[in-house]
Amino acid sequence: MYTDPSGEIAFLAAVGIGAAIAAFTYTVTALLADVPFSVGGLAKTTFIGAATSAVTFGIGTAATNLFTTFYSQAAFSAVAHGTFQGTMTAISGGKFWSGFASGALSSIAASAWSGGSTTETNFETNSSLTEGHFVTTTYAHQGISGAIGANNVAGMIAFGTVSGGAGAALTGGNFWQGAVTGLVVSGLNHALHQIDPPKGKTKVLKNTKEATDYYKHGDGSAASLDKSTQLELHNSKEYLRVVRRLISGVANNLNGSFDVDMTYKVFHVGRTNVNYSTNCAGGNCTTTFTEFVNDGFYDPDFISENILGRMGISSSKPDGLGPNLERLGGKPYMYIPSTFKITYPNPGY
């Protein structure tokens with residue numbers, strides 16, 4: 001079965017549907033309103049419809065990539081859709097706020113209908129701060145569809161379409177134009193992302209087998225490590241030691257770096273590097289960790305490295321992404337560093 005890991009099929013579908021809706025609307029308007037029809041006008045309208053749909057689809061992808069909480073994603077999508085649709089309406093000679101209202105309300109309606117989830121990672125510790133660990137929790141937000149037992153895409157599109165029309169009408173615009181905006185926002189953004197969630201083009205590695213397969217069959221481009229690997233790093237003794245010292249006020253340095261040996265738990269990561277920096281203001285401190293720094297999947301022949309390399313044979317010495325110690329015809333690649341922040345009461349820094 002074919003999957004769409006990059007989301008390109010869904011994107012192209014959104015552009016194609018948007019162009020078709022624009023062409024259909026232009027043609028029907030010309031026929032019913034006795035407006036002159038021209039091939040040039042049809043082509044221009046179709047192009048604008050395709051471009052608008054591309055941006056609309058992209059807003060949903062950006063919201064997913066930028067935020068991990070449902071409410072943040074919904075708020076970002078509403079403002080972005082409102083601003084874009086308002087701008088397009090103004091360019092077309094209409095009212096900005098009419099377009100803004102239809103775009104924002106249809107986005108809010110679609111989010112409210114479908115619901116979503118929030119993922120949070122928190123540090124749990126005892127009162128003396130001597131023990132602790134990171135816990136990742138996912139919370140489900142039931143939408144209107146779940147509450148009434150009508151969890152379907154058609155309901156989302158209908159609710160978003162009507163809300164878009166209502167938003168336009170309430171701000172002095174045309175209900176039907178607002179409804180078309182609502183149809184585009186709810187259908188080509190929210191619905192398509194629900195059917196085919198955006199995964200991005202960056203390879204995300206979940207385990208050593210995937211890391212090895214990507215080494216053997218990938219193109220050498222950098223890859224990301226998944227959330228479970230990041231959580232394993234967060235709960236390493238080295239990482240927890242730094243966190244406990246920071247939040248208890250006994251850290252000697254608020255900025256620095258440290259190594260974590262993950263070889264026995266996450267073999268393809270092995271020993272990795274973490275940098276951190278801390279800013280304190282307003283009674284709180286925030287420490288930002290940059291993880292898997294200058295790390296990647298390369299030099300996999302550790303047997304030759306530890307035997308021949310130690311004997312002084314230059315071709316068996318580690319050289320990062322260079323030709324040494326590369327086997328199986330694979331292409332070495334780097335890991336994309338991840339960032340993680342913790343905020344805690346200033347213990348006296």
| field | Total residues in segment 89-127, condition β-branched (Val, Ile, Thr), at pLDDT below 85 and more than 22 Å from ALA51 (Cβ to Cβ) | value | 4
| query | If you take the residues of segment 221-271 that are closer than 22 Å to MET334 by Cβ and among the polar types (S, T, N, Q), which of them is surrounded by the most Cβ atoms within 10 Å (Cβ to Cβ)? | reply | THR229
| task | Pick out the one residue from THR202, THR263 that is modelled with pLDDT of 85 or more and in a loop (DSSP other than H, G, I, E, B). | result | THR263
| Of the criteria (1) over 18 Å from THR272 (Cβ atoms); (2) out of contact with any helix residue (DSSP H, G or I) (no Cβ under 8 Å at 6 or more places or on another chain); (3) loosely packed, with under 13 Cβ neighbours inside 10 Å; (4) at pLDDT 65 or above, which one ASN346 fails | (3)
| request: Kindly provide the set of residues from segment 210-252 that are touching a strand residue (DSSP E or B) at 6+ places or on another chain (Cβ under 9 Å), in a loop (DSSP other than H, G, I, E, B) and more than 19 Å from SER338 (Cα to Cα), ordered by number. | output: GLY218, ASP219, ALA251
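Listed here are the residues, each with its yes/no results for (1) polar (S, T, N, Q); (2) assigned to a helix (DSSP H, G or I); (3) touching a Ser or Thr at 6+ places or on another chain (Cβ under 7 Å); (4) assigned by TED's automatic domain parsing to the domain that holds GLY172.
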| site | (1), (2), (3), (4) |
| --- | --- |
| LYS44 | no, yes, no, yes |
| THR52 | yes, yes, no, yes |
| GLY58 | no, yes, no, yes |
| ALA63 | no, yes, yes, yes |
| THR68 | yes, no, yes, yes |
| ALA74 | no, yes, yes, yes |
| HIS81 | no, yes, yes, yes |
| GLY86 | no, yes, no, yes |
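The values are calculated or read from the model by the stated rules, or taken from the named source; none is laboratory data. Bear in mind the structure is a predicted one, so any value in this text is a computation, not a measurement. Cβ sites come from the backbone with ideal geometry, for glycine too, and all protein chains shown count toward neighbours.
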